[in-house]
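Below is one structure, written out as structure tokens; the observations come after it.
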Amino acid sequence: MNEVLKAIKERRSIRKFKPEQIKEEELSEILEAGLYAPSAKGMQTPVLVVVQGEDNMDAAVKLNAKIWGKEGNPYFGASTLILTFASGDIQITEYDCAAATQNMLLAAHALGLGTCWINREKEMFETPEGKELMKKWGVPEGYVGVSGIALGYPAVPAPKAAERKRDRIKRV
């Protein structure tokens, strides 16, 4: 079977992670996959922010939990977060961030890591606290939050994939 298709079919969201930090080599490969995602007009505008370390993780977790409206860790205890930011000047760059996110999810799976795609970053980084974090983390002014990846070593097996709905394909 094609290795890319195999990864697409096998990758699942993981919602419980081991506490140890991922290896730098693994992180570098995942980020490279994000940088090689397609982008509109080849502009390569998405900014990827790696969040690690207690202070930065706590800030992201607290802010995301506030938006989520629930207690607990909305990143499920992952040791690393990768956040994507799009240029607010050009709306299509949000799609570029989605492509980068998908590339990184698949690369992480291929390395045996677990991931969960999180989608509250837009609301997170519209808040005053979020804007302060963006500034602290070096995100260019005018950018908006798009997505987050909870990333780490899985502490649970991947769930079984749901049966695919085949009536979604229309050939004309």
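Averaging sequence separations of C-alpha pairs under 8 Å and six or more residues apart, then dividing by the length of the stretch 40-100, give the relative contact order as a whole percent. Don't skip to the answer; put the middle values down first.
Details: 63 pairs, mean separation 28.6, N = 61.
With pairs under 8 Å counted, the relative contact order is 47 percent.
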(message) Using only DSSP helix segments of four residues or longer, with each worth -39500 (n - 2.57), what per-residue ellipticity at 222 nm results for the chain after dividing by its residue count and rounding to 500?
(response) -11500 deg cm²/dmol
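Would you tally the net charge around ILE82, using a Cβ to Cβ cut-off of less than 13 Å, leaving ILE82 out, and scoring K and R as +1, D and E as -1?
Residues near ILE82 contribute -4 overall.
Report the net charge of residues surrounding ARG120, where surrounding means a beta-carbon distance below 12 angstrom and charges are Lys +1, Arg +1, Asp -1, Glu -1. Spell out each step's value before the answer.
On the way: positive: LYS66, LYS70, LYS122; negative: GLU121, GLU123, GLU126.
Residues near ARG120 contribute 0 overall.
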(request) Based on the mean of other Cβ atoms within 10 Å per residue, sort peptides 27-38, 147-158 so the most packed one is first. (result) 147-158, 27-38
(message) For a quick check of your reading of the filter: which trypsin sites (Lys or Arg not before Pro) in the stretch 26-101 sit in a DSSP loop and have no more than 11 other Cβ atoms within 10 Å?
(response) LYS70
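If you place +1 on the Cβ of every Lys and Arg and -1 on the Cβ of every Asp and Glu, how big does the dipole about the Cα centre of the chain come out, in debye to the nearest 20? Could the numbers behind the result be given before it?
Working: 24 positive and 23 negative charges, 229 e Å.
Computed charge dipole of the chain: roughly 1100 debye.
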(message) Using Cα springs under 10 Å in a Gaussian network model of the chain, which residue among GLY53, GLY112, GLY77 shows the largest mean-square fluctuation?
(response) GLY53
(message) Longer than 30 Å from Cα to Cα, which of LYS6/LYS170; LYS6/LYS136; LYS66/LYS170; LYS70/LYS136 are they? Say none if no pair is.
(response) LYS6/LYS136; LYS66/LYS170
(request) Please identify every one of the GluC sites (Glu not before Pro) in the stretch 89-141 that sits in a loop by DSSP and has no more than 10 other beta carbons within 10 Å of its own beta carbon. (result) GLU141
(message) Would you report the distance distribution of C-alpha pairs in the stretch 87-133 as whole percents per 5 angstrom bin, up to the bin with the largest distance?
(response) 5, 17, 19, 22, 18, 12, 6, 0
(request) For the chain, with a Gaussian network of springs between Cα atoms less than 10 Å apart, report the residue from ALA100, ALA40, ALA110 with the top mean-square fluctuation. (result) ALA40
(request) Can you find, among PRO157, CYS116, VAL139, the residue farthest towards the positive end of the dipole of the stretch 116-170? Put +1 on the C-beta of Lys and Arg, -1 on that of Asp and Glu. (result) PRO157
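Take each uninterrupted DSSP H stretch in the chain, measure its Cα extent along the helix axis, and return the ones at 15 Å or beyond whose mean Kyte-Doolittle hydropathy is at least -0.5. Intermediate values should be presented prior to the final figure.
Details: long enough: 24-35 (16 Å, -0.08); 54-68 (20 Å, -0.43); 93-110 (26 Å, 0.16).
For the chain, where a helix must reach 15 Å along its axis and average at least -0.5, the hits are 24-35, 54-68, 93-110.
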(request) Kindly provide the Kirkwood hydrodynamic radius of the stretch 29-83 in Å, to one decimal, from all pairs of distinct alpha carbon atoms. (result) 12.9 Å
(message) Could you work out the relative contact order of the chain? I mean the mean sequence separation of Cα pairs under 8 Å and 6+ apart, divided by the number of residues, in percent.
(response) 34 percent
(request) Could you let me know the centre-to-centre spacing of the stretch 131-158 and the stretch 62-116, using Cα atoms, in angstrom? (result) 6 Å
(request) Can you give me the P(r) profile for the chain? Cα pairs, bins 10 angstrom wide beginning at 0, each as a whole percent. (result) 10, 37, 36, 14, 2, 0
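Net charge near GLY138, counting Lys/Arg +1 and Asp/Glu -1 over other residues with Cβ under 15 Å of its Cβ?
Working: positive: LYS131, LYS135, LYS136; negative: GLU132, GLU141.
Result for the local shell: +1.
Since every read-out is calculated from the coordinates, none of them should be taken as a lab result. As the structure is a prediction and not an experimental result, all values here were calculated from the model. For neighbour counting, all protein chains shown are included, and Cβ atoms are generated from backbone atoms with ideal geometry for every residue, glycine included.
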